[in-house]
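Everything below concerns the one structure shown next.
The values are calculated or read from the model by the stated rules, or taken from the named source; none is laboratory data. Note that the coordinates shown come from a computational prediction; the quantities given were computed from them, not determined experimentally. Positions of Cβ are generated from backbone atoms using ideal geometry, with glycine treated the same way; all protein chains shown enter the neighbour counts. Only protein heavy atoms, including side chains, enter the accessible area calculation; ligands, DNA and RNA are left aside. Shrake-Rupley method; radii C 1.70, N 1.55, O 1.52, S 1.80 Å.
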Amino acid sequence: QVHLVESGGGLVQTGGSLRLSCAASGRTFNTYVMGWFRQAPGQEREFVAAINWSTAYADSVKGRFTISRDNAKNTVYLQMNSLKPEDTAVYYCAAKRNSVVTADARGYDYWGQGTQVTVSS
């Protein structure tokens, strides 16, 4: 069982930056693929980024967002720069047991409670 807790969300103006963190419990953190997803009101949950030994990004965030992980701290980060109003959503951290990176939310086994990111225009 893995318990995930996100932090770092908030209100920011267009063009600003935020860094989200996701702290994970468990002693096998480094074996999990870690992902970030987001869900805006009335919309489906969508893939943002994922990391194992490599990274993957949604086209909408490439060049603006960076996912990273610190296995010694059991933490994954999402650095978000050049934020736009359309980035407004609840951001969720997710963990996947096997090593294959996927953008499909159904492939992830554990989820955090989410953190709100609001970008004002």
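A compact table of results
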read-out	value
First in region 30-45 and within 24 Å of ASN98 (Cα to Cα), second anywhere and among the polar types (S, T, N, Q) and part of a loop (DSSP other than H, G, I, E, B), Cβ under 7 Å, 6 or more apart	ASN30/ASN71; VAL33/ASN52; VAL33/SER99
Count of residues meeting criterion [of a type in the set (Lys, Arg) and loosely packed, with under 14 Cβ neighbours inside 10 Å] in region 20-56	1
The lone exception for SER82 - which of (1) touching a residue at least 60 places away in the same chain (Cβ under 8 Å); (2) out of contact with any Gly (no Cβ under 8 Å at 6 or more places or on another chain); (3) more than 15 Å from VAL2 (Cβ to Cβ); (4) open to solvent by 60 Å² or more (accessible area, probe 1.4 Å) it fails	(2)
Total residues in region 57-79, condition open to solvent by 50 Å² or more (accessible area, probe 1.4 Å), touching a strand residue (DSSP E or B) at 6+ places or on another chain (Cβ under 6 Å) and within 16 Å of VAL117 (Cβ to Cβ)	2
